[in-house]
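A short write-up of the structure that comes next.
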Amino acid sequence: MQGNTTNPSSESELTRREFVATTLSAGIALAASPAGAGTSASDPGELLAGDIRIPVADGEISGYRAQPKSGSNFPIAIVVCEIFGLQEHMKDICRRFAGEGYLAMAPDFFCRQGDVSKLEDFNAILQVVSKTPD
């Protein structure tokens, strides 16, 4: 049988962006409503939580932080937002970590290019994400 005789190992490797763009379309439904993404069981009255501005070399980026109201020297957890930006689910993960005694911060890595959490069109989200430098 004659056909494509290209050796798969000789093909160029996918870049990280190509890999992300390729695999996201398959998992979009799961990512849009993550399993077990209920609200935090922590009492909000026991936490300090809210939006923050994080200083960076050329200004500030937005983010979210949560920590226990009392105590100090908390272990730190950095919560990395998914392609859909800093949505309520990411904020809830911060609150869950705070409920376990952590200072949790979630920087919004896409904020300089646009607020992807407000976009509904997947192609528009990909446009914003593709403009964000590594």
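Leaving ligands, DNA and RNA out of it, rank Ser62, Ser130 by accessible area with a 1.4 Å probe, largest first. Show your work: numbers first, answer last.
On the way: Ser62 30, Ser130 70 Å².
Putting Ser62, Ser130 in descending order of accessible area: Ser130, Ser62.
Which number comes out as Rg/Rh for segment 58-112 once both Rg and the Kirkwood Rh are worked out on C-alpha atoms? Mind dumping the intermediate values first?
Numbers: Rg = 11.5 Å, Rh = 11.4 Å.
Computed over Cα atoms, the ratio is 1.00.
List the lysines whose Cα sits under 25 Å from the Cα of Lys131, skipping any in the same chain fewer than 8 residues away.
Lys91, Lys118
The values are calculated or read from the model by the stated rules, or taken from the named source; none is laboratory data. Being a predicted model, the structure only gives us computed values, none of them experimental. The accessibility values were calculated without ligands, DNA or RNA, using every heavy atom of the protein model including side chains. Shrake-Rupley method; radii C 1.70, N 1.55, O 1.52, S 1.80 Å.
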